[in-house]
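What follows is a set of notes on a single structure, which appears directly below.
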Amino acid sequence: MNKVQLAEKVAEKVSIPKNAAERAIDVILDTIIETMKQGDKVNLTGFGTFSARVRHARTGVNPQNPSQKIEMPEIMVPKFKAGKTLKDALKGEDSESPEAEESADQEESVPEENE
């Protein structure tokens with residue numbers, strides 16, 4: 001799914017014009033980027049956390065000439081850590097608690113005494 005398709009889906013679900021959904025997505029993304037540039041995190045509870053971290057300067061190898069060493073400068077890189085709700089959704093788990101599933105399993109395995 002690309003940004004246009006996402007905007008179409010958002011517009012459909014929220015019943016707003018497609019161009020308004022595109023503007024909203026642009027504002028959200030710009031806000032996340034600006035916040036990360038300032039060194040802060042953006043935490044969307046359940047979905048995940050966007051942050052920026054420093055990749056320290058290091059010595060690398062020139063892929064066109066493997067015998068040549070090159071210095072790679074320090075750089076800021078984006079980082080995303082998925083939240084529990086997102087992870088569970090991708091695993092295919094329901095929102096039921098493990099205790100509720102265990103009690104349901106126990107009820108099914110109890111033999112009937114009407115014999």
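The values are calculated or read from the model by the stated rules, or taken from the named source; none is laboratory data. Everything quoted here is computed from the prediction, not taken from an experiment. Virtual Cβ from ideal backbone geometry, glycine too; neighbours counted across all protein chains shown.
The single condition among (1) out of contact with any Gly (no Cβ under 6 Å at 6 or more places or on another chain); (2) at pLDDT below 95; (3) of a type outside the set (Lys, Arg) that GLY46 does not meet is (1).
Strands (runs of 3 or more DSSP E) fully within the range 50-96 that include at least 2 residues being farther than 23 Å from ILE32 by Cα: 58-62, 65-72. Scanning the range 41-85 for residues that are out of contact with any strand residue (DSSP E or B) (no Cβ under 9 Å at 6 or more places or on another chain), under 25 Å from ASP30 (Cα atoms) and of a type outside the set (S, T, N, Q) yields GLY46, LYS84.
Give the range 15-46 a look and list any residue that's among the β-branched types (Val, Ile, Thr), assigned to a loop (DSSP other than H, G, I, E, B) and without any contact (Cβ under 8 Å) to a residue 24 or more places away in the chain, or say none. Walk me through how you get there before you give the answer.
So the first thing to find is which residues in the range 15-46 are among the β-branched types (Val, Ile, Thr), and the list is 16, 25, 27-28, 31-33, 35, 42, 45.
Next, from what is left, pick out any that are assigned to a loop (DSSP other than H, G, I, E, B): 16, 45.
Within the range 15-46, just ILE16 meets the criteria.
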